[in-house]
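The values are calculated or read from the model by the stated rules, or taken from the named source; none is laboratory data. As the structure is a prediction and not an experimental result, all values here were calculated from the model. Heads up: the accessible areas ignore ligands, DNA and RNA and are worked out on the full protein's heavy atoms, side chains in. Shrake-Rupley method; radii C 1.70, N 1.55, O 1.52, S 1.80 Å.
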Amino acid sequence: MTRRLFISYRRALLDRIEPLVAALARAGIECFLDRDAIDPLAPFPDTIRKGIDDSHALLAVWSAEYGESDHCLAEFKRGWQHARRHNPDIGKRVWVLNPEATADHITAGELDAQNFLGLPVPGEEDDWAKKLAERLRDDIPDSPLGDEMGAPPAPERRNVPTPTDEFTGRNGEMFRIHSRLHPARIGARIPAGSD
């Protein structure tokens, strides 16, 4: 079965992302990259949501500008919510690739070393992609992120405000608050596929 990986990134990094996507394709992984996967006449938000739902995992290329994009954070949040519904260990389905020298700009919270992937050295993209492809094939169930089958029903909500579509554009603030409440546990352990 072909595994599909949703790539969430800022367009300014496209030239750095394309070699990784090409290496993943050579390793047998189909990548959803918005520039290639969306027809210019298609409804963009719906196509992005479907791309996440149909993927087996999400890779967020969390540059310094990533957290400033409400669209990127909405993609990350959707992948995170799907992954959390399937398994409390979201590290199996949501990964962060940090192209920066430090990690101070990442406000995803609750992450540990298995969620973080190292950026491959130029020329070593194929080895990096091969390790990531092994993780996708060996550690992830066959069902895509958005597959509702087998997921327990959502618990009844009590004493919780009704969700609204009117409160938008606050993903950055919400992620910063969440990260303060649930700080990352990066530690020294780095899993296979994170070189």
When the accessible area of the stretch 2-137 is computed with all protein chains present and a 1.4 Å probe, what percentage of it is carbon and sulfur?
50 percent
Per residue, how many Å² of accessible area does the stretch 54-143 show with a 1.4 Å probe?
42 Å²
